[in-house]
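I have placed the structure first, in the form of structure tokens, so that the comments after it can refer back to it.
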Amino acid sequence: MDRLSLEVETGAICAFLGPNGAGKSTTVKMLTGLLKPTSGEAVVAGLNVASEPLAVKRIIGVLPENLGLFDALTVEEHLYLSGPIYGLSRGETRARTDQLLRALALENGRTTFIEHCSYGMRKKTALAMALLHNPRVLFLDEPFEGIDPVTSKTLRGLLTTVAARGVTVFLTSHILTIVERLATQIVMIRDGRAVWNSRPDELPKSLEDVYFDLVEPPIEEDLPWLGCSLS
Amino acid sequence: MTYRDLQKLGSLAGNNFFLFVFLLLGQSGGFLQVLLGLLLLFPFSSDPLRSIPSERLQQWPLTPRIAFALRLASVWFSPVAWITVGLIVWTKSFQFAATFVGISALFYALGSLFTWVPARAPRLNILSHVPDFGGSIGGLVRKNARELLSILDPYAGLVLTLSATAYRFLSSRPEPDAFMILSMLVALTLSTYALCLFGLDTASGFTRYLLFPIRGWQILLAKDVAFLTVLLILVAPLHLLAGLAAGLMALTVGHHSSVRYRVPQTHWRFTGGAPLTSGLLQAFLMFSAGTLVARTNAWVLLPCVALFAASLWYFGRDMDQAGLRSDA
């Protein structure tokens, strides 16, 4: 990252956009304490990530890039493990687990070991872990990639609802159509630098057009052996 | 036979129990030789079809019968199997070699069951019955106990425990000191794992450790509780206190290399690749503490607990300050 300066208001849904390798996941890692910035500081809900790491970790829910799951546990056991660590009682953990697994359509696979789950199931398990303890801030790294349309719709509704009651959502995504409908703040980065930061209604044209103009132009290439031309 | 298969022998390098058996080979009876043969054989006795991505395997025209035959035959693709059998015929007898083949076939069948059955019938996965240990880190302890039970070290310990228990009941005058020594030997079978407590954790798992709002010592303690629980179950029929003292020493030394040098391990193999100097120090302290506790009284456990607690605190703080060494 290169002198990235960014502020997200409480209750906002901030979409952090950029091409592969631009630094989106690195930013999420620095904001969630997975990576130490070489300079500068990260503050989440008024807490400094470097000096108060445990306090920050208690109030955030994270869907990390590599999902953060254990092969030796089943889907439901991930939630049973997570709840008590965040201070939930066993009864409360079980009740919330049941509800989340139903909401994310994971009910049928709840006793499946993670190593035997599909990518979509693993992603939904990690999403459930991020939501279980009702965090004040959600960091979601590409939450819509690899999940089915029904869960995607459920998740969009869920994020809108929690944001309305004050939960801040910071997400990265490549699916611009979803971002356009969901986000209340849009930040675009290129080569580690922010090149756009505004509300969606402040975009001069469609999100896709702004993205192509500022971040990454579409590729133009002839592939005659495939009988097609990209332009 | 591929170069990759040959590399599997590396899993035995740096395994405390393997080195111990190897050193005693000249003076040992047949039992330890069979054990060494099994230790050598196991790195090759994995399911050969597991190393092929499942998506690719589904496209191959393998009938279930051919796949089963491949799995059964895989252990005998290994030249180590033939060399071991040849050595046993040369140094012992043909009958002894036949016994070895029988025992290794049994072990192999069990190993195949542990890997093949859970994927198809999750309810039959015995590891799924490991309970939650309660408390805020009880779920982590359960995960760690399952990981520990998915390597071969505790099963080598189980063979020793069962043999010793049979000796206790079948011998007319069992040697009293034998159980103290066997208890520490069982601890030795697990001790290499104590040097690589994070060896079975993936990058994904490391990320989760770093995201949880818990301190380094708690992550380490969850590993230790799983280790001590399995160890105490194994040494309960032998000499519980000597085993406990040895286990505490194994962990006290093991925290250092576990936290500072991550040595990746493979499921259903023996733990290996741990630093030799740490292994030697570990073995010395384990046998000293175990013998002292057994020969004097249980109060000797107190300094063992104190050393363990100091190591837990120090290396837990180390994890908090530097993070876990991982590629997360």
### Query
Only one of (1) within 12 Å of chain A (Cβ to nearest Cβ); (2) of a type outside the set (Ser, Thr, Tyr); (3) out of contact with any Phe, Trp or Tyr (no Cβ under 9 Å at 6 or more places or on another chain); (4) farther than 25 Å from residue A:115 by Cβ fails for residue B:169. Which number is that?
(1)
### Task
Sort out which residues of the range B:138-149 are more than 7 Å from every other protein chain (Cβ to nearest Cβ) and either acidic (Asp, Glu) or within 17 Å of residue A:69 (Cβ to Cβ) (or both), and write them in order of number.
B:142, B:144
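Listed here are the residues, each with its yes/no results for (1) within 8 Å of chain B (Cβ to nearest Cβ); (2) under 18 Å from the mean Cα position of the chain (by Cα).
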site: A:1; (1), (2): no, no
site: A:14; (1), (2): no, yes
site: A:17; (1), (2): no, yes
site: A:23; (1), (2): no, yes
site: A:28; (1), (2): no, yes
site: A:33; (1), (2): yes, yes
site: A:44; (1), (2): no, yes
### Message
For the range B:161-211, which positions are touching a Pro at 6+ places or on another chain (Cβ under 8 Å), under 19 Å from residue B:232 (Cβ atoms) and surrounded by fewer than 20 Cβ atoms within 10 Å (Cβ to Cβ)?
### Response
B:165, B:168
### Task
Within the range A:86-102, count every residue that is more than 9 Å from chain B (Cβ to nearest Cβ), of a type in the set (Ser, Thr, Tyr) and under 24 Å from residue B:215 (Cα atoms).
2
### Query
Which residue pairs have Cβ atoms closer than 9 Å, lie 6 or more positions apart in sequence or on different chains, and pair a first residue in the range B:223-244 that is under 20 Å from residue B:146 (Cα atoms) with a second residue that is of a type in the set (Lys, Arg)?
B:226/B:142; B:226/B:143; B:226/B:146
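Here's the yes/no breakdown for (1) under 15 Å from the mean Cα position of the chain (by Cα); (2) not in a helix (DSSP H, G or I):
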site: A:128; (1), (2): yes, no
site: A:159; (1), (2): yes, no
site: A:181; (1), (2): no, no
site: A:211; (1), (2): no, no
site: A:217; (1), (2): no, yes
site: A:229; (1), (2): no, yes
### Hey, residue B:289 hydrophobic (A, V, I, L, M, F, W, C), part of a loop (DSSP other than H, G, I, E, B) and under 23 Å from the mean Cα position of the chain (by Cα) or not
no
### Task
Mind listing whichever residues of the range A:53-85 are under 18 Å from residue A:33 (Cβ atoms), buried (at least 20 other Cβ atoms within 10 Å of the Cβ), over 15 Å from the mean Cα position of the chain (by Cα) and more than 7 Å from chain B (Cβ to nearest Cβ)?
A:56, A:82
### Query
Under 7 Å by Cβ, and 6 or more places apart or on different chains, what pairs join a residue from the range B:253-272 that is under 19 Å from residue B:210 (Cβ atoms) with one that is among the aliphatic types (A, V, I, L, M)?
B:255/B:220; B:255/B:312; B:258/B:195; B:258/B:197; B:259/B:319
## Note on the structure
Given (1) touching a residue at least 12 places away in the same chain (Cβ under 8 Å); (2) away from chain B (no Cβ under 11 Å); (3) under 17 Å from the mean Cα position of the chain (by Cα), residue A:105 misses just (3)
### Message
Filter the range A:1-51 down to the residues that are acidic (Asp, Glu) and under 24 Å from residue A:182 (Cβ atoms) and list them by number.
### Response
A:7, A:9
### Message
Among the residues in the range B:242-262, are any surrounded by fewer than 18 Cβ atoms within 10 Å (Cβ to Cβ), on the phi < 0 side of the Ramachandran plot and either within 14 Å of chain A (Cβ to nearest Cβ) or small (Gly, Ala, Ser) (or both)?
### Response
no
### Lone unmet requirement of (1) of a type in the set (Phe, Trp, Tyr); (2) modelled with pLDDT under 95; (3) touching a Ser or Thr at 6+ places or on another chain (Cβ under 6 Å) for residue A:139
(2)
### Task
Select from the range A:124-160 the residues that are in contact with a His (Cβ under 9 Å, 6 or more places away or on another chain) and acidic (Asp, Glu) and list them in ascending order.
A:142, A:145
### Total residues in the range B:200-221, condition at the interface with chain A (Cβ under 7 Å from one of its Cβ atoms) and not basic (Lys, Arg)
10
### Query
What is the residue count in the range A:98-119 for residues that are closer than 24 Å to residue B:147 by Cα and in a helix (DSSP H, G or I)?
5
### Query
On the given criteria, is residue B:226 more than 20 Å from residue A:87 (Cα to Cα) and within 14 Å of another protein chain (Cβ to nearest Cβ)?
yes
### Query
Just one of the numbered conditions (1) touching a residue at least 60 places away in the same chain (Cβ under 8 Å); (2) out of contact with any His (no Cβ under 8 Å at 6 or more places or on another chain) is not true of residue B:208; which one?
(1)
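The values are calculated or read from the model by the stated rules, or taken from the named source; none is laboratory data. Everything quoted here is computed from the prediction, not taken from an experiment. Reconstructed Cβ throughout: ideal geometry from the backbone, glycine too, with neighbour counts over all protein chains shown.
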